[in-house]
Amino acid sequence: MDYRSEAPEILKSFLVYHETIKGHSKATVDEYYLDLRNFFRFLKLSRGLVPSGTEFDDISISDVDLGFVSKVTLTEVYDYLSYLARDRVKNPRSHSLEYGLSDATRARKVATIRSYFKYLTIKTKQLDTNPIQDLDSPKIKKSLPRFLSLEESERLLNAVDGKNRERDYCILTIFLNCGLRVSEIVGLNIGDVHADHLRVLGKGNKERIVFINESVAAAINDYLAVRKNIAAVDKNALFLSNRRKRMSRETVHIMVKNTLLKAGLDREKYSSHKLRHTAATLMLQNGVDVRTLQEILGHEHLNTTQIYTHVDNAELRMAAEATPLSKFKADKR
C-alpha cells in the first residue's frame, strides 16, 4: 500500500506529518490512512455523492478536499460510528460474515479522526474551528488478557513440526520467553541477534534491548544453522517465508494458529498476541516486577503493563484464604 499515490492532498499531508515528524511506523500510518479512507467513503455515500449501487470499497476519495472536510459535522461522525457498530463487516475475508466492529476498534478510529482534525485546526490552521471537538469515544469494556499456562506453553512448543520446524520453534520460543509483538519478530534482522540479547525495533520506531535466555539462544542458533543454507531474497531478514522473503505478520499468525491446533489448544481462543500475554504473565508469576516487565514489553505507559498484575496475583489469593470464613462449611440438614 502506498498512500502517497492514492491519498488526496488534504489527507496525504497529515500522513506525511505522522511518518516524518512524529516518527510513526509505516504500519501505523497505513492504519491512519485506512481509517480515514473509510470515513471519507462513508461521508460520500451518506451525502449522496456517489452513484446508487456503488460498492462501499469501490468509492474513490481522490476528490476529497478542504471544502469537503470543512463540512463534517459531529452528527455525521456519530452516524459513522453507528455504521461501524452495526453494519460494518468484522472480517471481510471470513466465510461467515459477522457485523459490528468492537468497542476497541471503534475507539481507535475515533482517535484517528480526532488526530486528523486536530492537525487541520492546530498544526496547519486550515480550519478555524474543530467540528468534532466534543466527540465522545466508545466506552471500552475492560477484560483480562488470555494466556497459556506453563503446561500449555510446553505443549505448544512440543507440537512444532514440518519442514520449517527450526524457524517456527524459534519464533514461538521468542514469543513465549521474550514477549515480543508479532511486528517486532518479523522485523528482526540477522544483525539484531547478539549472544545475549536482541535489538528490537518497537512501536513508534523506538529501539530497545531484550535479553535472551539459554532456551531462546539455543533456538536461534539451531535456526541460523538452517538459515545460512537458504539463498535468501531478503538477505537481512532473520525469519524467511517459503519464498525466501521476510515473513509477513499474516504468515506468522497462520503458523501460530496451525501449531495451536496440533497441540490440541483452542485456536479461536488464542493467537500470536496471546503468546505475548503468556510471556508477560509467566514472568510476573515468577518474580519479575511490573516496571521491569514494562521495559521488556516496550510499553510506553506503566498502566498498560499493570493489567497483567490482575491475572494471577498471589497476594489476592492469600487475602481470599485469610478470611475467617474461608474454611466454613454449612451444616447438612
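The values are calculated or read from the model by the stated rules, or taken from the named source; none is laboratory data. Worth saying up front: this structure is predicted, and the values here are computed from it rather than measured. A quick note on method: Cβ atoms are made from the backbone with ideal geometry, for glycine too, and the neighbour counts reach across all protein chains shown. Accessible surface is based on the protein model in full, side chains and every heavy atom, while ligands, DNA and RNA are left aside. Shrake-Rupley method; radii C 1.70, N 1.55, O 1.52, S 1.80 Å.
Side notes on the structure shown:
- Residues of type aspartates and glutamates that Lys206 reaches as a straight line, Cα spacing below 13 Å, ignoring anything fewer than 8 places off in the same chain: Glu184, Glu295, Glu300
- Arg267 versus Val288: modelled label distance in nm, points set 7 Å from Cα along the beta carbon direction: 2.8
- Summing charges over all other residues whose Cβ lies under 14 Å from the Cβ of His24, with Lys and Arg as +1 and Asp and Glu as -1, gives 0.
- Cα gyration tensor category, rounded, prolate or oblate, for the stretch 205-262 with a/c compared to 1.5: rounded
- The stretch 167-245 shape via C-alpha gyration tensor axes, a/c threshold 1.5: oblate
- Rolling a 1.4 angstrom probe over the protein heavy atoms with all chains in place gives the stretch 232-304 an accessible area of 55 Å² per residue.
- Taking all protein chains together and rolling a 1.4 Å probe, Glu9 ends up with roughly 120 Å² accessible.
- Residue-span extension gain [Leu150 to Leu224] - 0.36 nm each, minus C-alpha spacing: 24.0 nm
- The stretch 112-126 residues near the modelled Asp136 label - backbone nitrogen below 20 Å, point 7 Å along Cα→Cβ: 112-115
- Ordering 112-121, 249-258 by mean Cβ neighbour count within 10 Å, with the highest value first, yields 112-121, 249-258.
- Residues Lys22, Lys125, ordered by accessible area of protein heavy atoms at a 1.4 angstrom probe radius and largest first, appear as Lys125, Lys22.
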